[in-house]
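Structure record follows, encoded as structure tokens.
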Amino acid sequence: MAELAVTRALSHFTLALDWLKPPVALVTRLYVSWQFFDSGLFKLRDWEQTTSLFEVMYQVPLLPTTVAAILGTFGELFFPIFLALGLGGRAAAFGLFIVNIVAVISYPDLFKEGYEAALLWHYLWGFMLLMLTAYGPGALSVDHWLERKRSDGRRWS
């Protein structure tokens, strides 16, 4: 009898917490999107410095420095917009996850002493992006709205 009461209490507790899913997913999307979008804006403000950084500091494997700078900046500006809206949310989160991995691989100083905090931020963003990739953008997203419209049998247009 006590086991049933505990199980029932846990079930009610879990259901009560379900209301947190949409706002937590939204805040996570907005936070991580802003981190990358702001970095992309910074790169655009001084393109000469950006290309210089890609030549000297960042060591993107397999790509010429100019191509790496263009693709990195594009990824930091393109994917966050879609992730923030929750439009193609899983694909946008995965795209930023890849951008994050390339950033970590390409900047070997992150693994040196004194850069632990910067590396931890990349780990945090990577985890957030992986969660959004796996679970989706949540109920407060364009994806969710489009899915509801499609499920209701109404047209999107």
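The values are calculated or read from the model by the stated rules, or taken from the named source; none is laboratory data. It should be emphasised that the depicted structure is a prediction, and the values quoted were computed from it without experimental measurement. Note that each Cβ is placed from the backbone with ideal geometry, even for glycine, and that neighbours are counted across all protein chains shown.
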The listed residue being under 24 Å from LEU146 (Cα atoms), free of Cβ contacts under 8 Å to residues at least 40 places away in the same chain and touching a helix residue (DSSP H, G or I) at 6+ places or on another chain (Cβ under 6 Å), out of PHE78, PHE94, PHE54
PHE94
Among the residues of segment 63-89, write down those that are in a loop (DSSP other than H, G, I, E, B) and crowded, with 21+ Cβ neighbours inside 10 Å.
GLY86
Given (1) in contact (Cβ under 8 Å) with a residue 40 or more places away in the chain; (2) in a helix (DSSP H, G or I), identify the lone condition not met by VAL60.
(2)
Determine if segment 4-19 includes at least one residue that is closer than 30 Å to LEU140 by Cβ and either in contact with a helix residue (DSSP H, G or I) (Cβ under 9 Å, 6 or more places away or on another chain) or of a type in the set (D, E, K, R) (or both).
yes
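Taking segment 40-99 only, how many residues are polar (S, T, N, Q) and at positive phi?
Step one: filter segment 40-99 for residues polar (S, T, N, Q), giving 49-52, 59, 65-66, 73.
Filter once more, keeping what is at positive phi: none.
Count: 0.
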Does ILE105 fit the bill of being over 21 Å from VAL24 (Cα atoms) and either touching a residue at least 40 places away in the same chain (Cβ under 8 Å) or within 12 Å of the chain's Cα centre (by Cα) (or both)?
yes
Can PHE13 be described as among the aromatic types (Phe, Trp, Tyr), loosely packed, with under 11 Cβ neighbours inside 10 Å and modelled with pLDDT of 90 or more?
yes
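Residues in segment 41-48: is at least one in a helix (DSSP H, G or I) and either of a type in the set (Gly, Ala, Ser) or touching a residue at least 40 places away in the same chain (Cβ under 8 Å) (or both)? Can you show your working first?
Applying the first criterion (in a helix (DSSP H, G or I)) to segment 41-48 yields 41-45, 47-48.
Narrowing further to those that are either of a type in the set (Gly, Ala, Ser) or touching a residue at least 40 places away in the same chain (Cβ under 8 Å) (or both): none.
Checking segment 41-48: not a single residue is in a helix (DSSP H, G or I) and either of a type in the set (Gly, Ala, Ser) or touching a residue at least 40 places away in the same chain (Cβ under 8 Å) (or both).
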Going by the structure shown, is ALA139 in contact with a helix residue (DSSP H, G or I) (Cβ under 7 Å, 6 or more places away or on another chain), free of Cβ contacts under 8 Å to residues at least 12 places away in the same chain and among the aliphatic types (A, V, I, L, M)?
no
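Within segment 124-141, is there a residue that is within 19 Å of LEU41 (Cα to Cα) and part of a helix (DSSP H, G or I)?
Of segment 124-141, the ones within 19 Å of LEU41 (Cα to Cα) are 125.
Next, only the ones that are part of a helix (DSSP H, G or I) stay: 125.
Checked against the condition, which is being within 19 Å of LEU41 (Cα to Cα) and part of a helix (DSSP H, G or I), segment 124-141 yields at least one hit.
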Would you confirm whether or not segment 90-103 contains a residue that is part of a loop (DSSP other than H, G, I, E, B) and under 18 Å from SER33 (Cα atoms)?
no
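Okay, residues lined up against (1) surrounded by fewer than 16 Cβ atoms within 10 Å (Cβ to Cβ); (2) over 19 Å from GLY88 (Cβ atoms):
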{"site": "LYS112", "(1), (2)": "yes, yes"}
{"site": "TYR123", "(1), (2)": "yes, yes"}
{"site": "PHE127", "(1), (2)": "yes, yes"}
{"site": "LEU130", "(1), (2)": "yes, no"}
{"site": "PRO137", "(1), (2)": "no, no"}
{"site": "ASP143", "(1), (2)": "no, no"}
{"site": "LEU146", "(1), (2)": "yes, no"}
{"site": "LYS149", "(1), (2)": "yes, no"}
